[in-house]
Amino acid sequence: MKLFAFFFLTLLLSPSLLMAEVLLKEDFEKGISDRWVERGFPSIRNKTRYELFVEENGNRCIRAISNNSYSGKGIFISFNAKKYPILEWRWKIENIIEKGDARKKEGDDHAAKIYVIFPGRSSWNPLDKRLLIYFWASRVPRGEIIPNAFEPEIARMIAIQSGREHVGEWKTESVNIYEDYKRAFGEEPAEVEEIAFVVDTDNTGESVVSYFDDLVIRTAE
């Protein structure tokens with residue numbers, strides 16, 4: 001199924017896109033590799049479960065099941081965001097977080113997120129990070145950039161999807177992390193350190209099931 005879709009899309013792509021250099025392509029057809037590790041906070045006992053899921057058409061993807069929980073599934077990968085600015089993926093959610101509101105701490109739960117993690121300005125503090133977070137919002141309008149409710153100084157969130165309109169549908173996304181970082185933080189980014197899928201419901205106590213697939217990091221041309 002994916003092979004046919006990839007072939008069909010290739011016929012429609014511009015010559016410049018066909019010449020793009022791909023740094024990472026994860027379609028999970030061979031499973032979830034050991035490179036993907038769980039990320040979370042020791043203080044939060046309940047962890048979101050990430051597992052390989054096979055759809056009726058045979059497509060394999062990551063399914064995330066969150067029930068009053070928080071954790072992510074991440075991959076450590078170092079690269080220059082200016083050289084490889086394009087991040088692409090597909091995602092799907094079964095429901096939104098009813099009480100979700102990214103502007104409030106008590107509502108800071110989201111059906112699906114992708115973290116792009118950079119080092120911060122400090123040359124001595126390894127905990128100093130910058131987080132660029134793409135998320136499926138419950139209320140924040142699409143395209144809006146807001147500071148994270150818990151870490152407003154170091155984390156910026158960009159709403160890629162919002163609300164119930166596309167619940168239950170696979171949505172394909174493509175973003176420019178280099179340009180988005182500059183818009184969000186007003187400065188040049190350091191090298192990316194990690195990419196992570198994150199689904200959390202620990203602040204609202206709700207439940208959600210989400211899916212991730214076809215992650216690509218590539219040049220613009």
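Some values worked out for this structure:
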| quantity | calculated |
| --- | --- |
| For Met157, Met19, order by how many other beta-carbon atoms lie within 10 Å, fewest first | Met19, Met157 |
| Unsatisfied cross-links (Cα-Cα over 26 Å) in the set Lys83/Lys105; Lys82/Lys129; Lys105/Lys129; Lys47/Lys83 | Lys83/Lys105; Lys47/Lys83 |
| Over region 22-218: Rg over Rh, Cα atoms, Kirkwood Rh | 0.93 |
| Exposure rule at most 13 other beta-carbon atoms within 10 Å, DSSP loop chymotrypsin sites (Phe, Trp or Tyr not before Pro): the chain longest free segment | 1-123 |
| Contour minus Cα-Cα distance for Glu38 and Ser174 (0.36 nm per residue) | 46.5 nm |
| Translational diffusion coefficient (Stokes-Einstein; Kirkwood radius from C-alpha pairs) of region 119-187 at 4 °C, 1.567 mPa s, in µm²/s | 97 |
| About the Cα centre, charge dipole magnitude for region 64-221 (Lys/Arg +1, Asp/Glu -1 at Cβ), debye | 220 |
| Gyration tensor verdict on region 19-132 (Cα atoms; rounded if a/c is under 1.5, prolate if a/b is larger than b/c, oblate otherwise) | oblate |
| Estimated FRET transfer efficiency (Lys182, Val54; beta-carbon r; R0 30 Å; 0.05) | 0.15 |
| 10 Å-binned pair-distance histogram of region 77-161 (Cα, whole percent) | 16, 45, 30, 9, 0 |
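Here, each number is a calculation from the coordinates, and none is a lab measurement. Since this is a predicted model, take the numbers as computed values, not measurements. Glycine also receives a Cβ, built like all others from the backbone with ideal geometry; neighbour counts cover every protein chain displayed.
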